[in-house]
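The values are calculated or read from the model by the stated rules, or taken from the named source; none is laboratory data. The model shown is predicted, which means the values in this text are computed figures rather than measured ones. Glycine gets a Cβ as well: all are built from the backbone with ideal geometry, and neighbour counts include every protein chain shown.
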Amino acid sequence: MEKYATLQPLSGRKRGDLGSMFQCLAERLQASGEKGCVRFRIVDKEEHTQWDLVLDEQGCRTRQHSEDMPDLEIITRMNTWKKIADGELSPLIAFARRRLRVRGDEKLGKRLLKQLASPDEKTDIC
């Protein structure tokens, strides 16, 4: 059976805190060399929380509530995001099960996933 890439757990700081999770993501992508903006839209009941990862020549940083148009947008529910962030659910499996939507530059997403994937096991990006 194939194993699809999961993230290295992002919950190292305050478990369940979105700000800490996205800060951890930014730190891991600091030296990625990628350029662009990745928006995460997290849906919790009727509320939407939005976090952007901005990748440029200075590294990677987070911001909330930006009006800029992202290069890639990832939309999912809070419970799905927590499983992805904890390394329990592959983003690719979540996408295939329609628990995660992607809009924009999917190739950027695949490149970032390769950098964020857990190194402990064989992983396929697809």
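Residue by residue, here is whether (1) hydrophobic (A, V, I, L, M, F, W, C); (2) in contact with a helix residue (DSSP H, G or I) (Cβ under 7 Å, 6 or more places away or on another chain) holds:
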| residue | (1), (2) |
| --- | --- |
| Trp51 | yes, yes |
| Leu55 | yes, no |
| Gly59 | no, no |
| Asp68 | no, no |
| Arg77 | no, no |
| Ile93 | yes, no |
| Arg98 | no, no |
| Arg103 | no, no |
- Item | Any hit, the range 19-27, residues being without any contact (Cβ under 8 Å) to a residue 24 or more places away in the chain, closer than 18 Å to Ala117 by Cβ, surrounded by 19 or more Cβ atoms within 10 Å (Cβ to Cβ) and in contact with a Gly (Cβ under 7 Å, 6 or more places away or on another chain) | yes
- Message: Looking at the structure I just gave you, is Gly12 surrounded by fewer than 16 Cβ atoms within 10 Å (Cβ to Cβ), modelled with pLDDT of 90 or more and in a loop (DSSP other than H, G, I, E, B)?
- Response: no
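Has the range 78-87 got any residue that is farther than 19 Å from Ala117 by Cα and more than 11 Å from the chain's Cα centre (by Cα)? Let's see the steps before the verdict.
Going through the range 78-87, the residues farther than 19 Å from Ala117 by Cα turn out to be 78-79.
In the following step, the residues that additionally are more than 11 Å from the chain's Cα centre (by Cα) were identified as 78-79.
Yes, there is a match, as at least one residue in the range 78-87 is farther than 19 Å from Ala117 by Cα and more than 11 Å from the chain's Cα centre (by Cα).
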- Which of the residues that make up the range 67-119 are at pLDDT below 95, in contact with a Lys or Arg (Cβ under 7 Å, 6 or more places away or on another chain) and not in a helix (DSSP H, G or I)? Leu89
- Message: Restricting to the range 82-107, name every residue that is aliphatic (A, V, I, L, M) and surrounded by fewer than 18 Cβ atoms within 10 Å (Cβ to Cβ).
- Response: Ile93, Ala96, Val102
- Query: Conditions: (1) assigned to a loop (DSSP other than H, G, I, E, B); (2) crowded, with 19+ Cβ neighbours inside 10 Å. Cys60 meets all but one. Number of the miss?
  - Reply: (1)
